[in-house]
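As C-alpha cells, the structure follows; a few thoughts come after it.
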C-alpha cells in the first residue's frame with residue numbers, strides 16, 4: 001500500500017506516518033509542528049494532554065508508557081502557538097496511585113522542566129455525565145480536567161495487548177476512568193466498554209509514540225524499535241492504521257470492529273488517506289517481537305496448566321476479566337524475574353465455567369472468580385478459590401505466587417515503600433482538591 005498525499009484537505013480521515021528513530025525533542029517537535037499545520041488544526045483555549053502511563057518502575061518497567069520526551073515535544077509545539085493553559089493528566093493502572101507511575105516514568109521531572117502540571121485525575125474533582133451511545137456504561141464520572149478542556153490531545157503508546165490485540169487511541173480511554181469505576185464491565189464486555197469510552201474521550205488530535213513499540217504484557221512489556229510517530233485527528237482511522245502496522249487486519253481487533261459498527265468510521269484502509277514519509281507496508285514487515293506472548297496462556301513455557309471456561313450461560317470466554325488478571329500477574333512476575341514461569345510448581349488455574357474434566361492428582365488447582373466451576377470431574381491435591389468478579393490483581397497477587405512457588409512482586413521492599421508513601425500523598429491531595437476544593 002502506497003502512502004498518499006493530496007493537495008488541500010481530503011474528505012477521507014487522515015493518518016500521517018513520520019519517521020523518527022529516537023526520542024530527540026527537537027526532532028519530534030519539528031515533526032509534530034509540521035503535521036499539525038498540515039492537518040490545518042487551530043488549537044486554542046484549555047488543552048488537555050492524555051498520555052499512556054499505565055505502569056512504570058525504574059528497576060524493571062521502562063517501556064510501558066508514552067515516553068515523556070514525546071509529551072514534552074507536544075508541549076513545545078503548543079508553546080510556540082502561545083498556548084499556555086496546558087494540563088497533562090492520567091489515571092494509570094488500577095490499585096496503585098497513578099502519581100507513583102508518573103514519578104517512576106519521569107513525568108514529574110519533565111513537568112518541572114517545561115512548567116506544565118502533570119496530574120493524577122483520581123485526585124481531582126469529577127462530574128457524572130451521561131453516555132448516549134454506551135451499551136455497558138450508560139454514564140460515568142469524567143474528570144473536570146477533561147470536561148472543561150477546549151482541545152484534547154491523546155498520546156498513546158503503541159503496544160500489543162493481552163486481550164485487546166493492540167492499545168492505541170481507543171484503548172487509551174480506559175485511562176480516563178476514575179479508579180472507582182475502572183473495573184466496571186472489565187470482563188467479557190471489555191471490548192464494548194472500550195468503545196463506550198470513546199463518546200466521552202473523543203480526542204481532537206492523536207500523536208502515538210510508535211518509536212519503540214512493545215510486546216508481551218502491556219504493563220510490563222518488552223521493547224522493539226519501530227521508528228515512527230503516528231499523527232491523526234481521527235481515532236478510529238489512527239487505530240485501523242496502527243492495527244495493520246502491528247500485523248492485524250483492523251476488523252480482527254474486536255473493539256475496532258465494534259466502534260465501526262457503532263458509526264465511528266470505516267476500518268477499510270482504502271477509506272483513509274495515509275500520508276507522510278514512512279511506508280506502511282515496510283512498517284508492517286518490521287520485526288515486532290512475539291505478539292502472542294501472554295495473549296495465549298497455554299503457549300507459555302511453564303508447568304502450570306490453564307483451563308479457560310465460559311461466562312455462565314454463554315459460549316464466551318471472559319478474556320477481559322479473570323483471565324486478564326492472570327496474564328497480567330504472570331507477565332509482571334516474568335518481567336521482574338526472567339525464567340520464573342519455567343521454574344514454577346506444576347498445577348492448574350481455571351476460570352469461568354469449564355465443561356470438561358480436570359485431572360491433576362496431588363497438584364494444586366486454583367479456581368478464579370465467583371462464577372468459576374468445573375462441570376466435569378475435578379481431581380486435585382488441593383483446590384484453592386480466589387473470589388471476585390473480576391478478581392483484583394492485588395487479591396490474586398496475595399495468593400497465586402505462593403501456591404505455584406513464584407516470586408511475589410508485593411514483597412519488594414522498595415516498591416512497598418513507594419506504594420505507602422505515594423498512597424499517603426494521594427490521600428492528602430484528594431483531601432485538598434476534592435474536599436477543600438482548592439484549585
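With axes computed from alpha carbons, what is the tilt in degrees of helix 235-245 against the longest principal axis of the chain, rounded to the nearest 10 within 0 to 90? It works out to around 70 degrees.
Stretch residue 382-residue 261 to full length: gain in nm at 0.36 nm per residue minus the Cα-Cα span? Provide the component values of the computation, followed by the final result.
Working: separation 121, 0.36 × 121 = 43.56 nm, distance 4.60 nm.
Extra length available between residue 382 and residue 261 comes to 39.0 nm.
DSSP beta bridges in the chain, what fraction antiparallel, as a percent rounded to 5? Walk me through the numbers on the way to the answer.
Values: 26 of 64 bridges.
Among the beta bridges of the chain, antiparallel pairing accounts for roughly 40 percent.
Apply the Kirkwood formula to the stretch 89-181: the hydrodynamic radius equals the inverse of the mean of 1/r over all pairs of different alpha-carbon atoms; give it in Å with one decimal. It is 14.6 Å. Distance between the 7 Å Cα→Cβ label points at residue 434 and residue 314: 3.0 nm. Taken along its three principal axes, the alpha carbon spread of the stretch 298-366 comes to 39, 29, 17 Å, from the longest extent down to the shortest.
For the chain, the mean residue ellipticity at 222 nm estimated from helices alone is -8500 deg cm²/dmol, where every DSSP H run of n ≥ 4 contributes -39500 (n - 2.57) and the total is divided by all residues, rounded to the nearest 500. Scoring 386-399, 206-219 by mean Cβ neighbours within 10 Å over their residues and listing the highest first yields 206-219, 386-399. The modelled label-to-label distance between residue 342 and residue 395, using points 7 Å beyond Cα along the C-beta direction, is 3.4 nm.
What number do you get for the stretch 1-144 when its Cα radius of gyration is normalised by 2.2 N^0.38 Å, N = residues?
Ratio of Cα Rg to 2.2 N^0.38 Å: 1.20.
Compared with the dominant principal axis of the Cα atoms in the chain, helix 25-39 is inclined by about 70°.
Using the Cβ-Cβ distance between residue 113 and residue 373 with R0 set to 56 Å, the FRET efficiency works out to roughly 0.55.
Pairs of Cα atoms under 8 Å, at least six residues apart: use those to get the relative contact order of the chain, whole percent. Present the calculation step by step, with values, prior to reporting the outcome.
Details: 948 pairs, mean separation 74.4, N = 439.
The normalised contact order for the chain reaches 17 percent.
When the Gaussian network model of the chain links Cα atoms closer than 10 Å, the mean-square fluctuations of 412, 22, 370 top out at 412. Its Cα gyration tensor gives the stretch 61-105 an equivalent ellipsoid. The semi-axes, each the square root of 5 times an eigenvalue, are 25, 13, 6 Å from largest down. For the stretch 21-97, the alpha carbon positions stretch 39, 29, 18 Å along the principal axes, listed from largest to smallest. Computed over the stretch 300-435, the range of Cα coordinates on each principal axis works out to 55, 36, 22 Å, biggest value leading. The fraction of all Cα pairs in the stretch 210-335 landing in successive 10 Å bins from 0 to the largest distance is 11, 34, 34, 18, 3, 0, given as whole percents.
Mind pulling up the Rg/Rh value for the chain? Radius of gyration and Kirkwood radius, both on Cα. Mind showing how you got there, number by number?
Numbers: Rg = 21.8 Å, Rh = 22.5 Å.
Using Cα coordinates only, the ratio equals 0.97.
Quickly work out the residue 133-to-residue 26 label distance, labels modelled 7 Å from Cα along the C-beta direction, and quote it in nm with one decimal. Here the modelled spin labels are 4.2 nm apart. Each residue of the stretch 132-286 gets 114 Å³ once the volume of the Cα convex hull is shared out per residue.
Rule-based calculations on the coordinates, nothing more; no lab input. Note that the structure is a prediction, hence the values are computed from the model and not measured. Cβ: placed from backbone, ideal geometry, glycine included. Neighbour counts: every protein chain shown.
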